[in-house]
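Please treat every number below as a calculation from the coordinates, not as lab data. This one's a predicted model, so the numbers in the text were calculated from it and none came from an experiment. Cβ atoms come from the backbone with ideal geometry, glycine included; neighbour counts cover every protein chain shown.
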Amino acid sequence: MQKDTAAATCFKDKPPGNQATIDLGQKQIESCPAAVADLKAAGLTPREFLVLTGSLIGNVFAMEMKKQGQIKQYPDSVSPENAAFLDQNYDKIKAMVAPLMGQGGSDK
């Protein structure tokens, strides 16, 4: 959706992830036909996208805290499989989520 100018216009100053609830974010996405089409092409519903994005961001915060030594191990909310994936793919994940976090590329 981020690269689709029609979808980006729908969320210009108010990203659906900033809504007070998932239901409100879902309604906001569903009000944007371009975003719904983009998600459908990716095989996702608006709700699945919001849940996946929220989970990803939480896992990335945990990954960064671990990488910086603020925590020694991931919290229980991060499965062992996801923890291993995060550790093995740190640079790729960091670069992928940088636009969501308002950052540039990865700093290796």
Exercise. Give the order of 96, 63, 1 when sorted by the count of other beta carbons within 10 angstrom, beginning with the fewest.
Key: 96, 1, 63
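Greater than 25 Å separation of Cα atoms is the criterion. Which listed pairs, 40/66; 3/72; 12/94; 14/40, meet it?
On the way: 40/66 34 Å; 3/72 36 Å; 12/94 23 Å; 14/40 21 Å.
As for pairs spanning more than 25 Å Cα to Cα, those are 40/66; 3/72.
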Self-check item: For segment 5-47: rounded, prolate or oblate by the Cα gyration tensor [a/c cutoff 1.5]
Solution: oblate
Self-check item: From the coordinates shown, Cα extents along the principal axes in Å corresponds to which of [x] 34, 29, 25; [y] 51, 25, 19; [z] 43, 27, 25
Solution: [z]
Quiz prompt | Dipole moment magnitude, nearest 20 debye, the chain about Cα centre, only Lys, Arg, Asp, Glu C-beta charged | solution = 180 debye
